[in-house]
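The values are calculated or read from the model by the stated rules, or taken from the named source; none is laboratory data. Values in this document were obtained by computation on a predicted structure and should not be read as measured data. Here the Cβ positions follow ideal geometry from the backbone for every residue, glycine too, while neighbour counts run over all protein chains shown.
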Amino acid sequence: MTESHAPFAAPAVGQRRLLTLLFVDLSGSTAMAEWMEAEHYAAMLAGLRALYERIVPHHGGVIARIQGDGMLAVFGHPEVREDDGRRATEAALELHAAVRGILPSGPKPAGFPGLTLHSGIHAGIVLVTDGDQMRGRFELLGNAPNIAARLSEAAKADEIIASDESLGLQSQFFETGPRFTLQLRGRATPLAAYRVSGRSPVGRRYEASMRRGLAPFVGRDAELAALECGLVQALLGRTRWLGLRAGAGVGKTRLTEEFLRRAADHPCLIHRGYCESYLSAEPLQPFLQMLRALDGMADAPPEFAAAQQSAPAQRAQHLKEGLQRFGAEVA
């Protein structure tokens, strides 16, 4: 058989990647297409796609393809992150919140509650090759994209279902129902998953570990003694900076938490800030967190922070007072 008559072209060269996949679809879109005017339906789809294109990249994802009112996004390509499952889930929550209750233009049936999405999240090995106009930005070969789509099918209106493979230990960052199993179409074995309803109060991996339960703290006597010596010197009025340096996973955070627990018994104020890799850290993030907490702005939403920044004189005064509370001399 000559090359010109070959039924299949040579396979494209791709990369095997561990990806987290988010499949999002508009609930009840088939029924809506029946009663909506074509122009209104097209405007609704355009608005929905604009939300996809704004929110998914904000959480570090890449849109693989948009087809009608559905969207497939990947997290972990071209760069794999340890929190890709968290990022995909955060993106899904923000998308659901942005779409929830929107009323499309034109006449609507009585009692129409507004738009909702249903989403599925799964992680697995995928062969990634370059896409085209028909296949989307990437062609994703493997079972993982199909499972994400099946999870989306299984989700009810305004529901997010994330597989255990995608969320795993990061489930502690979210409010979820109990872990359950479901049998997906085309899959031989049941799949463990969670229904995600919102964000939990947990903001750090250590707090997630605390939710699961910690082993008793043992050892590190020399390190604790050095930290407590620095605290005593600070209580005597001497400025002290202490740093912990060690490899990943050896217990720096646990040691710090134990030291702070003991420091709370001394006559001192403890101000906390930390660097968050999720969505990348802003410059001087820990110090800004402490100042915001002193300024009554802890966990302030972006809109509130932007409003505060619109009054430079007031912000400068708050900053000056905050620094003075730290004992800094401000001219």
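See the values below:
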read-out: Selection within segment 48-90 - surrounded by fewer than 16 Cβ atoms within 10 Å (Cβ to Cβ) and assigned to a helix (DSSP H, G or I); value: Arg49, Ala50, Glu53, Arg54, Pro57, His58
read-out: Single residue of segment 91-140 satisfying the filter (among the small types (Gly, Ala, Ser), closer than 27 Å to Tyr41 by Cα and touching a residue at least 40 places away in the same chain (Cβ under 8 Å)) that is surrounded by the most Cβ atoms within 10 Å (Cβ to Cβ); value: Ala92
read-out: Which listed residue is at pLDDT below 80, under 30 Å from Glu90 (Cβ atoms) and either assigned by TED's automatic domain parsing to the domain that holds His118 or under 18 Å from the mean Cα position of the chain (by Cα) (or both), from Ser171, Ser209, Ser197, Ser166; value: Ser209
